[in-house]
Amino acid sequence: MSETILVTGSTGFIGARVLMRLAEEGERVKVFLRQESQPGALPDGVEVVRGSFSDMESLGRAVRDVDRIVHLAGVTKALDEKGYDAGNVMPVQNLLAAIRTHNPELKRFLFVSSLTVAGPASEGIQGVKESDSPRPVSAYGRSKLRAETLCMESADLIPVTIVRPPAVYGPGDRDVLQVFQMLAKGVLVSAGSAATQRFSMIYVDDLVRGIMAAARSEKAVGRVYYITSSCSWSWDEVIAAARPLLGFTKLYRISLPAPLMYFVGTVMGAIGSIQGKPALINRDKVNELLQNYWVCSPQQAQRDLGFTAETSLVEGVEKTILWYQRQGWL
């Protein structure tokens, strides 16, 4: 029998793919949208509830009569800690309060957090595990950790599960697009040591499958999971996967040193503060970019959820680049 699932952040890159999967499965779906948000091309039958995360009345309408909630909404850029809390912590706090009041029988609250909560790994092969103490190096990671703490403090009343994705890529993503745009021009500019850095990545459809597995597994109640690829990758491996599709022969690689990155981050952050708009790069973001090992372990999700990422790096990069090319983005 189908369930009713509320999705927040449904207009985003990952949220749109979650809606597609749920529609294919025949689930009843609600989405929670801000008044100014454009719903985009929603699957047939999706119920739209409009409001804001600071409006408890609209949150009550959103959470009422649903079986599960997948909370994806949040911010990845803000001027300061206060801005990150407004975008990442307050919505979780108010959603949990609305659930306690309007849907105490909810089957699951699935919070999509981030690998940045854990902070970088000390090495690039095994990566961080769920049992490791969080060591976020950015305001974004700290805000996600505060939101996770709220979830776990409510776990005696609400069945919660947290997933922490690493870098996510696939059709529709605009962050990894910037890397492929550079490679298409035969250039790769990176922060820190590109020769040393390794990172976990996951193709978006694999992540969506892992999110829903965690949201439905009884074993996942009260647990945290990294939903990630089966191994980490180096820049050389990403370049090798992209080269046949982008056609570059020579590649000029530029690794920007930490002092230069912090200088640029300081200047751009100051400009953003004056303009009242989050900068693309600031000192906080530089702290993330300079790390060598954004790597996490897939083992617990494999054991508890039976989840393994199915899309290889070569296959995922090919699907993503071909989609970009069809859309005229590359």
D for segment 35-173, whole µm²/s, Stokes-Einstein with Kirkwood Rh over alpha-carbon pairs at 4 °C and 1.567 mPa s: what number? 79
All lysines inside 22 Å of LYS219 as judged from Cα atoms, apart from same-chain residues fewer than 8 positions distant: LYS107, LYS129
Set of aspartates and glutamates near LYS30 by C-alpha distance (under 12 Å), chain-local residues within fewer than 8 positions excluded: GLU3, ASP44, GLU47, ASP65, ASP67
May I ask you to compute the full-extension gain from ASP236 to ALA195, defined as 0.36 nm times their residue separation minus their alpha-carbon distance, rounded to one decimal in nm? 14.0 nm
Along the Cα→Cβ direction, 7 angstrom out, place labels at LYS219 and GLN275. What is the inter-label distance in nm? 4.9
Taking Cα atoms, the helix 139-153 axis meets the longest principal axis of the chain at an angle in degrees (rounded to 10) of 30
Extending each Cα 7 Å along its Cβ direction at LYS82 and GLN181, get the distance between those two points in nm, one decimal. 3.2
Between segment 265-299 and segment 1-48, what's the alpha-carbon centroid distance in Å? 30
Protection proxy (average C-beta count within 10 Å per residue), highest first, orders 114-125, 169-180 as 114-125, 169-180
In degrees rounded to 10, the 0-90 angle between helix 235-246 Cα long axis and the longest Cα principal axis of the chain is 90
Can you compute the FRET efficiency between GLU310 and GLU105 using 1/(1 + (r/R0)^6), with r the Cβ-Cβ distance and R0 = 41 Å? Round to the nearest 0.05. 0.75
Any idea what angle helix 204-216 forms with the longest principal axis of the chain, computed on alpha-carbon atoms, 0 to 90 degrees, nearest 10? 30
Sort the following peptides by mean Cβ neighbour count (other Cβ atoms within 10 Å, averaged over residues), highest first: 298-306, 245-253. 298-306, 245-253
Taking LYS185 as the anchor, which aspartates and glutamates have their alpha carbon closer than 20 Å to its alpha carbon, excluding any fewer than eight residues away along the same chain? ASP173, ASP175, ASP236, GLU237, GLU318
As a check on your grasp of the helix formula, calculate [θ] at 222 nm for the chain: sum -39500 (n - 2.57) over DSSP H runs of n ≥ 4, divide by the residue count, round to the nearest 500. -12500 deg cm²/dmol
Expressed as a whole-number percentage, the relative contact order of segment 105-166 with C-alpha contacts under 8 angstrom and at least six residues apart is 53
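Every number in this text was worked out from the coordinates using simple rules, so none of it is lab data. Please read all numbers here as calculations on a predicted model, not as lab measurements. Please note: Cβ atoms are built from the backbone with ideal geometry, for glycine as well, and neighbour counts cover all protein chains shown.
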